[in-house]
Amino acid sequence: MVTRIDKIEGGKIVQTAEPDTDGYYHCYPEGQTMAKYMIRCSNLDEAADFLATNKRGRIRMNPDWSLIVDNIHIDGKPRESL
């Protein structure tokens, strides 16, 4: 069970994946930023599976509801190692 998906830079958490107001995490395939390509994940496990399978996939994180592709860590481990 995944408990966190974060962007970590210099050993510090700078952004964290959070659900939208409907409870979904927003993931996107590599190179896509438009809402029509968004994959709605109902929990962190689904989002982590997507990110581990799609190594250049993106996820929205706060603060700023930014679309993040680099330095993604799943439960503290770089997604590249999963």
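Just so it is clear, none of the values below were taken in a lab; they were calculated from the coordinates. Note that the structure is predicted; figures quoted are calculated from it, not measured. All Cβ positions, glycine included, derive from the backbone under ideal geometry; neighbour counts span all protein chains shown.
Selection within region 1-17: residues that are over 11 Å from the mean Cα position of the chain (by Cα) and among the hydrophobic types (A, V, I, L, M, F, W, C). The member of this set that is surrounded by the fewest Cβ atoms within 10 Å (Cβ to Cβ) is Met1. Pairs are defined by a Cβ separation below 6 Å, a sequence spacing of at least 6 or placement on different chains, a first member in region 64-78 that is without any contact (Cβ under 8 Å) to a residue 12 or more places away in the chain and over 16 Å from His26 (Cα atoms), and a second member that is exposed (fewer than 11 other Cβ atoms within 10 Å of the Cβ) and among the aromatic types (Phe, Trp, Tyr); no pair meets this definition.
Among the conditions (1) over 12 Å from Arg79 (Cβ atoms); (2) touching a Phe, Trp or Tyr at 6+ places or on another chain (Cβ under 9 Å); (3) of a type outside the set (S, T, N, Q), Ile59 misses just one, which is (1). Among the residues that make up region 15-25, is at least one of them among the aliphatic types (A, V, I, L, M), in a loop (DSSP other than H, G, I, E, B) and closer than 19 Å to Asn71 by Cβ? No, region 15-25 has no match at all.
Taken over region 18-42, the criterion of being free of Cβ contacts under 8 Å to residues at least 24 places away in the same chain, surrounded by fewer than 16 Cβ atoms within 10 Å (Cβ to Cβ) and under 12 Å from the mean Cα position of the chain (by Cα) is satisfied by Arg40 alone.
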